[in-house]
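What follows is a single structure, written as structure tokens, with notes after it.
The values are calculated or read from the model by the stated rules, or taken from the named source; none is laboratory data. Source: prediction; values computed, not measured. Here Cβ is always computed from backbone atoms with ideal geometry, including for glycine, and neighbour counts include all displayed protein chains. Keep in mind that these areas ignore ligands, DNA and RNA; they rest on the heavy atoms of the full protein, side chains included. Shrake-Rupley method; radii C 1.70, N 1.55, O 1.52, S 1.80 Å.
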Amino acid sequence: MIYIHIPFCKQKCSYCNFHFSTSLQFKDEMLAAIKKEIFLRKDELQNKTLQSLYFGGGTPSILSGDEIKALIDEVLQYFDFTKDIEITLEANPDDLNNQFLKALSNSPVNRLSIGTQSFFDEDLKLMNRAHNASEAEGSIKRAQDFGFENLSIDLIYGSPSSGFETWKENLNKTIALQVPHISSYALTVEPKTALNDWIQKGKVSNPREEEQNKEFYYLSDFLKDNGFEHYEISNFAKPGFYSKHNSAYWKYKEYLGIGPSAHSYDGNEIRSWNVANNSQYIKKISSNLLAKETEVLSQEDQFNEMMMIGLRTIWGVDLSQLKSKFSEKILEHFQKETQSKIEEGILMVENDHLKIPEKHWFMADGIASDLFIV
Ligand code: SF4
């Protein structure tokens, strides 16, 4: 699978600490550099057939249909891909107008991940999103009218701008719109964000953990009652609509990340990440050099990562894979640390996989980190 990072946004959302620029001044140079990086790395993923290509950001929908198509052509020119390759574009509701959707519907993009976040203006204002509530709803309907069935929307819960009743209404609207995939995250307060600043100055109250907990469990129960499968802590899909791209990532498959700040992984022990700086990225790539740093993950790092990613999913951690990959010493640690948690019922073994029972998923990160080798 390949991930392409488009590092531009119209405006800065109040909670966001991703890598992007709000100036489009060097957009053409950036697109040329991304194409060049695709070419420079064309021999990676050797003997692999691409199952997915994912445009994330930033805001990929800030590009034109032609620009997106040109990047896809570049990838498909150099990499083998399956006939049913999943090509996802993250898109913001305010970009999904008729003209753009028409261009996308004539491109190989076959899945949209829409940054809806909420169907309510009070939430969208606090988040400083570029769209309003009517665009949130209208964009989904328009995408469906243009034939996009494989749609995902992002929703944020636990915002101090609204309460439980608004959250329930958000989910009712989602069901009414017949969206088959939902990614839903708690609003988190990251350092160096406007939201953090407002909270420090007492202008906005801190999101409350009990409220987020309640909204998470409502989300999970409500979506399951409406035919969704809860396949990763933050992801829900109707049967047949799991994200191929993210599922591969959660199963520790190899991936190639193109564009500034994008990460790559060889599926085993090598991870690399591109510089998170647009001008440095363009400069390096224009000189035919890769703009990445690489690290070799120790066995301990690989083990910790397997716990952190696997225990957040419906599949859990594959115990045969674990036994074949790690040393006796690590396996002894694993045995010792998991035993008491299995007895307590916060971990379980099912079909040779270690899992967290779903009712404890809200604590998944804490449970996984208790198993870490530090
Ligand atoms: S659109 Fe996405 S990447 Fe851009 S600022 Fe908002 S949350 Fe961050």
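Some values worked out for this structure:
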{"item": "Share of carbon and sulfur in the accessible heavy-atom surface of the chain [1.4 Å probe, %]", "result": "48 percent"}
{"item": "Whole-Å distance, taken between Cα centres, linking segment 111-164 and segment 224-240", "result": "18 Å"}
{"item": "Full-extension gain in nm, R208 to N226, via 0.36 nm per residue minus C-alpha separation", "result": "3.8 nm"}
{"item": "S369 versus K12: modelled label distance in nm, points set 7 Å from Cα along the beta carbon direction", "result": "2.6 nm"}
{"item": "Among the listed pairs K42/K284; K48/K251; K10/K214; K10/K125, those beyond 22 Å (Cα-Cα)", "result": "K10/K214"}
{"item": "Nearby lysines by direct alpha-carbon distance to K192 (threshold 17 angstrom, same-chain neighbours under 8 apart not counted)", "result": "K12, K201, K203"}
{"item": "Label-to-label distance, nm, for residues given as K283 and E67 (7 Å Cα→Cβ offset)", "result": "2.3 nm"}
{"item": "Surface accessible to a 1.4 Å probe, per residue, for the residues of the chain, Å²", "result": "46 Å²"}
{"item": "Net length gained if the chain between L290 and I199 were fully extended (0.36 nm per residue, minus Cα distance)", "result": "28.8 nm"}
{"item": "Choice from I356, I330, I140 showing the highest fluctuation, given a GNM over the chain with Cα pairs closer than 10 Å", "result": "I330"}
{"item": "Long pairs among K27/K168; K27/K102; K224/K253, criterion Cα-Cα beyond 32 Å", "result": "K27/K168"}
{"item": "I270-E337 pseudo-label distance in nm [points 7 Å out on the Cα-to-Cβ vector]", "result": "2.7 nm"}
{"item": "Per-residue SASA entry for S298, accessible area with 1.4 Å probe, Å² rounded to 10", "result": "40 Å²"}
{"item": "Global form of segment 147-227, assessed from the alpha-carbon gyration tensor, a/c cut-off 1.5", "result": "prolate"}
{"item": "Under 20 Å from K341, Cα to Cα: lysines that are on another chain or at least 8 residues apart", "result": "K323, K329, K355, K359"}
{"item": "Rounded, prolate or oblate (a/c below 1.5 giving rounded, otherwise prolate when a/b exceeds b/c) for segment 239-328 by Cα gyration tensor", "result": "oblate"}
{"item": "Candidates H245, H360, H263: whichever shows maximal mean-square fluctuation once the chain is modelled as a Gaussian network with Cα springs under 10 Å", "result": "H360"}
{"item": "R0 of 35 Å, Cβ-Cβ distance E44-K323: FRET efficiency to nearest 0.05", "result": "0.75"}
{"item": "Linear extension gain, F164 paired with L297, 0.36 nm per residue minus alpha-carbon span", "result": "43.7 nm"}
